[in-house]
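Presented below is the structure to which this report refers.
The values are calculated or read from the model by the stated rules, or taken from the named source; none is laboratory data. The model shown is predicted, which means the values in this text are computed figures rather than measured ones. Positions of Cβ are generated from backbone atoms using ideal geometry, with glycine treated the same way; all protein chains shown enter the neighbour counts.
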Amino acid sequence: MTDFVPAAAVADVPEEGTLAVEVDGVEIALVNSGGEIFAIHDECSHAQIPLSEGEVEDCEIECWLHGSMFDLRTGKPTGLPATEPVPVYPCKVEGDTVLVDVHHPLNTDTES
Ligand code: FES
């Protein structure tokens, strides 16, 4: 079972950029990389910094504070200093709308 809810308009998520939204009380960074949209919890696992303020490249997002990188598909850190994953959520596009399910993280070893 899924709980997809509308999160944003597709046009509002810039290419190789982010849009911070709140879905069912969860802060999310919607990220467009290579034309695909991902949903990742909007907080670095190293400290409480919004990942939506980071740089996006090749399906990864970089935290601006200390440079940790996270894979947008798995939430796993690909660059130190972060060592813990960040929750990533099912995300799909229907028409002009991005839908996200914040209740069923894709990486089940993390909490939403
Ligand atoms: S707060 Fe994100 S890398 Fe340190």
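Just one of the numbered conditions (1) closer than 14 Å to residue 102 by Cα; (2) more than 16 Å from the ligand (Cβ to nearest atom) is not true of residue 13; which one?
All conditions are met except number (1).
With respect to residue 83, determine if the residue is modelled with pLDDT under 95, at negative phi and surrounded by fewer than 17 Cβ atoms within 10 Å (Cβ to Cβ).
no
Of the residues that sit in segment 52-69 and are away from the ligand (no atom under 12 Å from the Cβ) and in a loop (DSSP other than H, G, I, E, B), which one is surrounded by the most Cβ atoms within 10 Å (Cβ to Cβ)?
59
Is segment 36-51 home to any residue that is crowded, with 18+ Cβ neighbours inside 10 Å, among the charged types (D, E, K, R) and assigned to a strand (DSSP E or B)?
no
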